[in-house]
Amino acid sequence: MGWITSITYMIYAASQLPAGYLTDKIGFKKVMIGGAIIATLGLILGFTAKSYSTILVAQALIGIGSSASLTPATSAIAKMFTSRKRGFAEGLLLSYVNASIALSLLIGGWIAETFSWRFVYALSAALMVMVAIAFLVFSREIPALEAPSMNIKRIARIFNINSLLLMLCIAMEVIGFQALLTYVPRYLVDVGGLTSGLAVTLAAFAHLAAIFSRPLAGKASDIVGRKLVIIATLFSGSVFSYLLMLNPSSPIIEATLFACWGLSYTGMYPVAITLIADVTERDLRGTGIGLVTSVALFLGGLLQERLGYTIDTHGYNAFFALLALIPALGSLLCLPIKVAKRP
């Protein structure tokens, strides 16, 4: 399980930088359509997989396609909106991501238990094709964004102390975010005695809550500042992360805690994306977002296997302690960032 998560996130992360660069070079529309095609191929491969290694390859393709969809969208939003509205816009965009994840967990868990995990891949492939067609139709009304000339000298300006701190800060958030959604449902089954379908359904409450928390956190950051919101969301979310360990056999308590975690913890990511845009020049924002998120997600995905190893060797107590401490301490890395908002 840890390797499936790690492969998906590491490839997703490694693809963020080229996706961001291509967004600045050829435009977000072309990159997003390319990402949809690659993801669809991965989903079809997953549907037909006959071995574990094939599933890993399928997840790698899905990771590439995902990065080539989300990175262009977030960078396009960063360019379309001023700094006073950017946080709310990014939060609203990413809340739709959580809405789709929540729906997929609710429906996907039921399909996997009732029919087969292969049908989850098949349904996802069909939906991806439908969404890509809809995007082609409706994006005609969106004007193409300026695509400036890119070169190594210009890209080198992205590398600074701000980008390094944001990489590490987001990496700490990713570790906790993905680990909770990967391993906590397994914990509810192993220790709490819940069915796997119910455990996945409870995890969906976190994404349902994020539908509201992400635009609200983004709007709050437009008013009180990005760094304060990042620290508040991660510290409060870390508390709920640890509390999830205490009542694994109670679906009501666990659902409430998942929702509270989603309302707090998940608000961090759109604010961090917005902070990258705030401290990056306008015509380099796609590359900047791609660079920071690429490294952060790569580190976060790489360590998922290590967290699975921690569970296997030291038990869930050690895992939940790390789940709470890593993002809480990582949030403090945003404090030294020098913010000079750009239009």
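The values are calculated or read from the model by the stated rules, or taken from the named source; none is laboratory data. Given the structure is predicted, the values throughout are model-derived calculations rather than measurements. So basically every Cβ, Gly included, is an ideal-geometry build from the backbone, and we count neighbours across all protein chains shown. Calculation scope for accessible area: heavy atoms of the full protein, side chains included, ligands and nucleic acids excluded. Shrake-Rupley method; radii C 1.70, N 1.55, O 1.52, S 1.80 Å.
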Please determine whether any residue of region 16-32 is under 14 Å from the mean Cα position of the chain (by Cα) and under 16 Å from Arg285 (Cβ atoms). yes
Quick check: is even one residue across region 253-269 at pLDDT below 85, more than 15 Å from the chain's Cα centre (by Cα) and part of a helix (DSSP H, G or I)? no
Tally, over region 73-100, of residues that are within 16 Å of the chain's Cα centre (by Cα) and surrounded by fewer than 19 Cβ atoms within 10 Å (Cβ to Cβ): 4
Working carefully through the options Thr310, Thr280, find the one that is of a type in the set (S, T, N, Q), touching a residue at least 24 places away in the same chain (Cβ under 8 Å) and either part of a helix (DSSP H, G or I) or crowded, with 21+ Cβ neighbours inside 10 Å (or both). Thr280
Subset of region 19-63 [in a loop (DSSP other than H, G, I, E, B) and either under 16 Å from Phe119 (Cβ atoms) or open to solvent by 60 Å² or more (accessible area, probe 1.4 Å) (or both)]: Ala49, Lys50
Restricting attention to region 101-130, which residues are surrounded by 16 or more Cβ atoms within 10 Å (Cβ to Cβ), out of contact with any Ser or Thr (no Cβ under 7 Å at 6 or more places or on another chain), within 17 Å of Thr48 (Cα to Cα) and aliphatic (A, V, I, L, M)? Ile111, Ala112, Val120, Ala122, Leu123
Can you name every residue in region 313-343 that is over 21 Å from Leu164 (Cα atoms) and not in a helix (DSSP H, G or I)? Gly315, Pro343
Does region 124-138 contain at least one residue that is modelled with pLDDT under 85 and in contact with a helix residue (DSSP H, G or I) (Cβ under 6 Å, 6 or more places away or on another chain)? no
Under 18 Å from the mean Cα position of the chain (by Cα) and either surrounded by fewer than 20 Cβ atoms within 10 Å (Cβ to Cβ) or in a helix (DSSP H, G or I) (or both): is that true of Ser67 in this structure? yes
From Arg186, Arg157, residue being charged (D, E, K, R), modelled with pLDDT of 85 or more and surrounded by fewer than 17 Cβ atoms within 10 Å (Cβ to Cβ): Arg186
Take the conditions under 23 Å from Asp312 (Cα atoms) and touching a residue at least 12 places away in the same chain (Cβ under 8 Å) and apply them to Leu257. Does it pass? no
Determine which member of the set Arg86, Arg118 is more than 23 Å from Thr8 (Cα to Cα), of a type in the set (Lys, Arg) and in a helix (DSSP H, G or I). Arg86
Tell me the residue from Ala210, Ala179, Ala203 that is in contact with a Pro (Cβ under 6 Å, 6 or more places away or on another chain), among the aliphatic types (A, V, I, L, M) and crowded, with 24+ Cβ neighbours inside 10 Å, please. Ala203
Which count do you get for residues in region 313-342 that are open to solvent by 60 Å² or more (accessible area, probe 1.4 Å) and under 22 Å from Val191 (Cβ atoms)? 5
